[in-house]
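A quick write-up on the structure given underneath.
Laboratory data are not the source of any read-out in this text; all were calculated from the coordinates shown. Keep in mind the model is a prediction, meaning the values are calculated, not measured. Backbone-built Cβ (ideal geometry, glycine too); neighbour counts: all protein chains shown.
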Amino acid sequence: VPLDFQEYVPEEMLTRAREYLHEISRRRSVRDFSARPVDPVIIETCIRAAGCSPSGANQQPWHFVAVADAGVKHEIRLAAEAEEREFYSHRAPVEWREALAPLGTDADKPFLERAPFLIAVFVQSYGVGADGAAIKHYYAMESVGIATGFLIAGLHHAGLATLTHTPSPMGFLNGILRRPANERPFLLLVVGYPVPDATVPAISRKPLGEIATFV
Ligand SMILES: Cc1cc2nc3c(=O)[nH]c(=O)nc-3n(C[C@H](O)[C@H](O)[C@H](O)COP(=O)(O)O)c2cc1C
């Protein structure tokens, strides 16, 4: 089929690249969510955008579960906090805990109930054919990572805050969300509005010279 390619003059390309940088540089992980509701159609639209991500052999090895139900969010919070308590008290190696210390995170995750949406992202480590046979997936982790990036960028673009959350381990999500054995939890995105006086850790970004090499 013909490619739907939109060309811009170089000045406009630069303007667009700068505008994108400006917008995406304002994205921060938020941990103080308000309970303000969010229109589910916005979430659905952002998931559709994530579904436009490239994927190994176009296998689209992702599944997104958008959770708004208070009872299910409560179950997820309880299970995540149980894992996080283990993690922060002894499971995490000392270096890992030291790396997290500046962020001030701990085992309490009230936002898992307070935020209007949780999006559990699953990676399909293998597919399942009509005959029930396993289908090998290529670059599933990479593909789902890219799709999740599209999702986070889309939610930010729509005016929502997110937190990338990875309770460790998070196999409990399969049970609570009734996902099949070929799917593994990839991460949990907390989505909503920040509280009006939300703060974020003071962090810095590595400069271009450190993150890129032009040859
Ligand atoms: C794969 C991944 C896992 C993360 N897991 C957690 C988490 O479990 N809890 C948390 O509070 N933040 C988590 N974060 C958020 C990071 O701490 C955050 O992205 C980082 O400190 C940079 O801050 P920023 O997102 O505001 O730019 C995670 C981020 C990524 C990409």
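Below is a table of values for the structure above.
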| item | result |
| --- | --- |
| Pair list, Cβ under 8 Å, 6 or more apart: segment 1-26 residue surrounded by 10 or more Cβ atoms within 10 Å (Cβ to Cβ), other residue of a type in the set (S, T, Y) | R16/Y8 |
| Search result, residues across segment 1-44 that are of a type in the set (A, V, I, L, M), within 16 Å of the ligand (Cβ to nearest atom) and not in a helix (DSSP H, G or I) | V30 |
| Residue count for segment 130-145, restricted to those that are more than 17 Å from G56 (Cβ to Cβ) and among the small types (G, A, S) | 3 |
| Residue in segment 54-73 that is free of Cβ contacts under 8 Å to residues at least 40 places away in the same chain and of a type in the set (G, A, S) present | yes |
| Selected residue (criterion: farthest from the chain's Cα centre (by Cα)) from residues of segment 56-104 that are part of a loop (DSSP other than H, G, I, E, B) and farther than 21 Å from T162 by Cβ | P93 |
| Among the residues listed as P194, P201, P185, the single one being within 16 Å of the ligand (Cβ to nearest atom), buried (at least 16 other Cβ atoms within 10 Å of the Cβ) and more than 16 Å from the chain's Cα centre (by Cα) | P194 |
| Count - residues of segment 46-55 that are more than 15 Å from the chain's Cα centre (by Cα) and either among the hydroxyl-bearing types (S, T, Y) or surrounded by 13 or more Cβ atoms within 10 Å (Cβ to Cβ) (or both) | 1 |
| Of the criteria (1) within 23 Å of I42 (Cβ to Cβ); (2) without any contact (Cβ under 8 Å) to a residue 40 or more places away in the chain; (3) outside any helix (DSSP H, G or I); (4) not charged (D, E, K, R), which one A107 fails | (1) |
| Scope segment 88-124; condition within 12 Å of the ligand (Cβ to nearest atom) and crowded, with 19+ Cβ neighbours inside 10 Å; matching residues | K109, F111, L112, V121 |
| Inter-residue pairs, beta-carbon under 8 Å, first closer than 15 Å to E23 by Cα and in segment 152-167, second of a type in the set (S, T, N, Q) and near the ligand (Cβ under 9 Å from one of its atoms), 6+ apart | I152/T162; I152/T164; L155/T162; H156/T162; T162/S29 |
